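The values are calculated or read from the model by the stated rules, or taken from the named source; none is laboratory data. All of these numbers come straight from a predicted model, not from anything done at the bench. Every residue, glycine as well, gets a Cβ built from its backbone with ideal geometry; the counts of neighbours run over all protein chains shown.
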Amino acid sequence: MAGSQADPSKIALTSLTTEAEFREAVALQKTIWGFGDVDMLPFRFFVVAVKVGGQLFGAWDDDKMVAFCLAIPGLKAGLKPYLHSHMLGVLSDYRDYGIGRRLKLHQRDEALARGIDLIEWTFDPLELKNAWFNIERLGAVIRRHVRNQYGTTTSHLQAGLPTDRCTAEWWLDSPRVHAKTRGGHIERPPVVGRIEYPDNIGEIKHSDPARARDIQAANAERFEDAFRQDLVVTGIERTPGITAYLLSETAE
């Protein structure tokens, strides 16, 4: 069934457990991100991730996998367990069905059932729609930025730029996350700073990569300076032509 004709209520979420399902998720990487073989996560990685306590969920339109997410377990200082959500991808024809949000909420429910209250993932701060989703829809906060975290990648989505990444911290049982995931309101901490991007930064990446690189590098400095001061990204603000990451002194 074509994505444009799909019924969102009939998109089913399942845990992926079989070799065939793992291989389908592996192949989906190439379709979604356009990875070359050097950047593809191999089949064995999916097998190991599930066996050591990770998460691997798929979304299905009848018998067609249209999205998946993969998380692996980790340990913080003091042996605090958490999950690192390494991949979540949705086929382009299915990106307006809320599947990504359903997969994240499914991750949250499963993690909380196991007594895990933190999931983290990295994302490109130039991907403004993704940032809005992470912060305003899910309630994640940001305290870390790393330049060129994954080195050069073959994905067309990166447009040849360094793989700078922010880390989303998703505190699953916090008042902020409870409110955001239920569509409610929570008072935002006072804003003490902003890091701004032009709304069309996605177009600039492809039409004027030198300019995009300048914006990326300048804002990398701003993120790193803010985080050295222990500031936290707690919101996203959209104004005509500009999307801003909002900085606060506290996450709550």
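Quick one: in the stretch 16-27, of everything that is out of contact with any strand residue (DSSP E or B) (no Cβ under 7 Å at 6 or more places or on another chain) and of a type in the set (A, V, I, L, M), which residue is surrounded by the most Cβ atoms within 10 Å (Cβ to Cβ)? Per the criteria, the residue is V26.
Please tell me if R188 is touching a residue at least 24 places away in the same chain (Cβ under 8 Å) and at negative phi. It is true that R188 is touching a residue at least 24 places away in the same chain (Cβ under 8 Å) and at negative phi.
Taking the stretch 28-42, which residues are modelled with pLDDT of 90 or more and surrounded by 13 or more Cβ atoms within 10 Å (Cβ to Cβ)? Walk me through how you get there before you give the answer.
Within the stretch 28-42, the first condition is being modelled with pLDDT of 90 or more, and the residues that meet it are 28-29, 31-32, 41-42.
Within the stretch 28-42, L28, Q29, I32, L41 qualify.
Checked against the criteria, D93 does not count as part of a helix (DSSP H, G or I), without any contact (Cβ under 8 Å) to a residue 12 or more places away in the chain and either out of contact with any Phe, Trp or Tyr (no Cβ under 8 Å at 6 or more places or on another chain) or of a type outside the set (K, R) (or both). Of the residues T152, T122, which single one is of a type outside the set (D, E, K, R) and either surrounded by 15 or more Cβ atoms within 10 Å (Cβ to Cβ) or part of a helix (DSSP H, G or I) (or both)? That would be T122, the only listed residue that is of a type outside the set (D, E, K, R) and either surrounded by 15 or more Cβ atoms within 10 Å (Cβ to Cβ) or part of a helix (DSSP H, G or I) (or both).
On the basis of being outside any loop (DSSP other than H, G, I, E, B), within 26 Å of I201 (Cβ to Cβ), of a type in the set (D, E) and touching a strand residue (DSSP E or B) at 6+ places or on another chain (Cβ under 8 Å), does E136 make the cut? Walk me through how you get there before you give the answer.
Numbers: outside any loop (DSSP other than H, G, I, E, B): yes; within 26 Å of I201 (Cβ to Cβ): yes; of a type in the set (D, E): yes; touching a strand residue (DSSP E or B) at 6+ places or on another chain (Cβ under 8 Å): yes.
Yes, satisfied.
The residue pairs whose first member lies in the stretch 96-116 and is in a loop (DSSP other than H, G, I, E, B) and aliphatic (A, V, I, L, M), whose second member is surrounded by fewer than 17 Cβ atoms within 10 Å (Cβ to Cβ) and modelled with pLDDT of 95 or more, and whose beta carbons are closer than 8 Å, counting only pairs six or more residues apart or on different chains, are I116/P81.
Is at least one residue of the stretch 165-177 basic (K, R) and in contact with a His (Cβ under 9 Å, 6 or more places away or on another chain)?
Step one: of the stretch 165-177, the residues basic (K, R) are 165, 176.
Now drop any that are not in contact with a His (Cβ under 9 Å, 6 or more places away or on another chain), which leaves 165.
Yes; the residues of the stretch 165-177 include at least one that is basic (K, R) and in contact with a His (Cβ under 9 Å, 6 or more places away or on another chain).
When each of G202, G184, G241 is tested for being more than 19 Å from the chain's Cα centre (by Cα) and either at pLDDT below 95 or surrounded by 13 or more Cβ atoms within 10 Å (Cβ to Cβ) (or both), the lone residue that passes is G184.
Just checking, how many residues over the stretch 5-21 are in a strand (DSSP E or B) and of a type in the set (S, T, N, Q)? Residues in the stretch 5-21 being in a strand (DSSP E or B) and of a type in the set (S, T, N, Q): 2 in total. Which of the residues that make up the stretch 32-53 are part of a loop (DSSP other than H, G, I, E, B), of a type in the set (A, V, I, L, M) and under 28 Å from G160 (Cα atoms)? M40, L41, listed by residue number. One residue stands out among those in the stretch 172-181 that are in contact (Cβ under 8 Å) with a residue 60 or more places away in the chain, in contact with a Leu (Cβ under 8 Å, 6 or more places away or on another chain) and not β-branched (V, I, T): the one that is surrounded by the fewest Cβ atoms within 10 Å (Cβ to Cβ), which is D173. The test for being under 11 Å from V141 (Cβ atoms), outside any helix (DSSP H, G or I) and in contact with a Lys or Arg (Cβ under 6 Å, 6 or more places away or on another chain) holds for T167. Any residue that is assigned to a helix (DSSP H, G or I), farther than 27 Å from A140 by Cβ and either free of Cβ contacts under 8 Å to residues at least 12 places away in the same chain or touching a His at 6+ places or on another chain (Cβ under 8 Å) (or both) - is there at least one of those in the stretch 58-65? No, the stretch 58-65 contains no residue that is assigned to a helix (DSSP H, G or I), farther than 27 Å from A140 by Cβ and either free of Cβ contacts under 8 Å to residues at least 12 places away in the same chain or touching a His at 6+ places or on another chain (Cβ under 8 Å) (or both).
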